[in-house]
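Asks: A single structure is presented below for examination.
What follows draws every value from the coordinates through simple rules; no lab data is involved. Everything quoted here is computed from the prediction, not taken from an experiment. All Cβ positions, even for glycine, are placed from backbone atoms using ideal geometry, and neighbour counts span all protein chains on display.
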Amino acid sequence: MTKLDSLIVQARNARVARVVAERHVRDLERTMTERSTSGETMGSYQIVRKIGEGGMGVVHLGMHSILGRPAAIKVLRPGLSLSRDILGRFFNEARAAAAIRHPGIVDIYDFGFLPDGSGYIAMEFLEGETLGSRLRRMRRLPVGASIEIGRQIAAALHAAHGKDITHRDLKPDNVFLVQDPEIGERVKLLDFGIAKLAANDTGGAQTRTGMVMGTPMYMSPEQCRGARTLDCRSDLYSLGCILYELLAGRPVFHGDSANDIVAHHMYFQPEPVRSHEPSVPESLDQLIQLLLSKDPAMRPATAGEVATLLERCGTAGAIAPPTNGEPFAGMVLGATRSRERQDSHVSTTLTEAAGAVGGRTAGLPAPRRSRRSLWFAGSAALAAAAGIAIAAHWYPDPQARDLAGGARVPATTVSPGSETSVYTPAIQPPPPAVPPDAALPSTGEPPTPPRVDVPAAAASPPAPPPPAATKPKKATTRAGSAPAPASAPAPPPATTDQLILEKRK
Amino acid sequence: MTGGELAALARQAQAGDSVARDELLVELYCSVRKHIYLVLGSRALVDDAVQETMFALYRGLAGFRGDTSSPRTWALAIATRVAYRMRAKEARYDLTEDVSADASVFDLAPAAAAELEMLQRALAKLTPKKRDAFVLIAIFELSAEEAGRVLEIPANTAASQYRHARAELHARFKRFDETAQLRGAEAPGPVES
């Protein structure tokens, strides 16, 4: 063997020390992320600075080079951009949010790939704070502010559901609160990252991965079970969880582990909000119990219905007239559809559902003059006191992330096999039953309530209200009882409206 | 690790398996580092070139198609292009002076590391084209066709570059062989061991 041959053999066998290689690969992602931020342009945006970072990537503040408009630019980690599954989910957010176009949903300007291959989404730059951070700061919110936030979330969800898009990961950290000169404070829903266009609901990888990633704190029972098909009522359950937490100052369910919480969502009846916070109006408590029904069919049928109901659940004496009749129509239609009833009387529907939850009947407060402007003023002041926080949205808080880490059990219950659909193309969904503008929270003229005369329903209950003093006892029985609609109607139903009237006397 | 194993890792990485991705990148790093060490004369640029290649691999992994080349050949092709750019830079800044081989990143005994450095210094004396062809064909055991694809030259051109390089290197190391022969003539039997 010649010298050259032996050198060649040695060179062939020479290996870089594994520790060196591993260290380099470990540092690769970090170095790349750092490199890609410095004063660069992304698409047509000049990067100003980094405003947030999380497991999925980095958010930059960018300025459009021509329009001068600020944008939050979410850049998926280069490593994650390798996976078509994750990329699909990432762009799904952009596609879903862009399809909805509603003031209550973060605006998407642009999305695509950076020259280095990372996916990015340029979206409306929001200044304010997430509902999650406000909750951590204040523990609980006043009833009026909670209702208004809930109503706006419901209105935004209604718009999304109208496009057949389910959010699937609704939680306080995905609800952003921004100042709006017109209405004081505006809710913006973020992170349609695991949203799915219902028409393409094949139980694919997006759901599966989403479940692993989501926090179980706000998951619907069907989501916990790993149901293949989730519809908009899953979001309504999550909204119920959020409202509960806003008002009670504590999550619906506590648990030592994610599994614990999951089990609670599936099998345990939540305590009434009023047992934690007696100032919460009865009607609101009942609505939340409805939203938290284990059976989706027992929940209000549409988010529009919830928005209308919330609007009517104002603080004592301050019951707003419905500002918009259409969601109400949706509610009636939805109620009829979901329960296959000819009788689409809202009051009846609500009563029945409430009875199903806890053997208690409910009525609807009559619409009155709005005192909403006061809530707005209140919430605006709160926000002002909080100062302006930069929108480092997109990422769950560490606690939620911990929970997500432990939340693998429900995910494994999703049976494998049909997980081939990865990339959900933005197909044009069929036109919603409700005209799109119906979902816009209009501040305009009082509507003409379609089809159903709610004030009449509230004013003429089947029986006189029971004395208010008997209420607390029943609240406890309600918490434990299983759905039993048949046995429900025994006590004469009392509407909040009447209680309020009584108190006033 | 065989080409098949690397290809399997690449598929797993593309399906979102980050463990497989990192394993693949570690494997490719080893090849890339060795290749760049051998083909890039200047030590000053080795780290930059390796870094740049790894970035490109990292970003390009999603688009990598296993049907046209193995992950290692793909990585070597990128490393070759990066090295080519680096040489242009080298020429511009006259960094050729800094030809000090350093085999310390390799998992080698000191004697073997010294031998590798010797080979590296000998390679540095070749023209870049011959050097590239030689390293790909002799060290990474690519066929002339594969080397041609990596270097974007016809296969027979790659083969002839390799032959020329081999002849030059052989001449350079001739005296080692002559010494060995002499020693062999003086004292028959196995010299080593």
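Asks: Label points 7 Å out from Cα along the Cβ direction at residue A:1 and residue B:178: separation in nm?
Replies: Computed distance between label sites residue A:1 and residue B:178 equals 2.3 nm.
Asks: Averaged over B:106-116, how many beta carbons belonging to a partner chain fall within 10 Å of each residue's beta carbon?
Replies: 4
Asks: Per DSSP H run of n ≥ 4, the term is -39500 (n - 2.57); total these for chain B, divide by its residue number, and report the mean residue ellipticity at 222 nm rounded to 500 deg cm²/dmol.
Replies: So the calculated ellipticity at 222 nm is -22500 deg cm²/dmol.
Asks: Oh, and also: Would you order A:3, B:125, A:74 from fewest to most other beta-carbon atoms within 10 Å of each residue's own beta-carbon?
Replies: B:125, A:3, A:74
Asks: Give me the distance in nm between label points sitting 7 Å out from Cα along the Cα-to-Cβ direction at residue A:67 and residue A:30, one decimal.
Replies: So the two model labels end up 3.7 nm from each other.
Asks: How many nm is it between the label spots at residue B:153 and residue A:297, if each spot is 7 Å from the Cα in line with the beta carbon?
Replies: Taking the simple label geometry, residue B:153 and residue A:297 are separated by 7.6 nm.
Asks: On to the next question. What is the distance in Å between the Cα centroid of segment A:1-33 and that of segment B:9-51?
Replies: If we compute the Cα centre of each part, the gap is 9 Å.
Asks: Among A:268, B:173, B:106, A:192, what is the fewest-to-most ranking by other Cβ atoms within 10 Å?
Replies: The fewest-first ordering by Cβ neighbours comes to A:268, B:173, B:106, A:192.
Asks: Taking the Cβ of each residue in A:50, A:171 as the centre, tally the other Cβ atoms inside 10 Å and list the residues starting with the fewest.
Replies: Fewest to most other Cβ atoms nearby, the residues stand as A:50, A:171.
Asks: Could I ask something else about it? First measure r as the distance between the Cβ atoms of residue A:53 and residue A:228, then evaluate 1/(1 + (r/R0)^6) with R0 = 22 Å and state the FRET efficiency to the nearest 0.05.
Replies: 0.05
Asks: Continuing with the same structure: Tell me which of B:126, B:184, B:151 sits at the most positive position along the dipole axis of segment B:125-185, charges placed on C-beta atoms (Lys, Arg +1; Asp, Glu -1).
Replies: The residue sitting farthest along the positive end of the dipole is B:184.
Asks: May I pose another question? Per-residue mean of other chain beta-carbon atoms within 10 angstrom of the beta-carbon, peptide B:9-22?
Replies: For this peptide, the per-residue mean of nearby foreign Cβ atoms is 3.
Asks: Report the FRET efficiency, 1/(1 + (r/R0)^6), for residue A:276 and residue A:179, where r is their Cβ-Cβ distance and R0 is 30 Å, rounded to 0.05.
Replies: 0.50
Asks: Under 1.5 on a/c is rounded, so check that first for chain B, then, if it is not, pick prolate when a/b is larger than b/c and oblate when it is not; a ≥ b ≥ c are the square roots of the alpha carbon gyration tensor eigenvalues.
Replies: Prolate.
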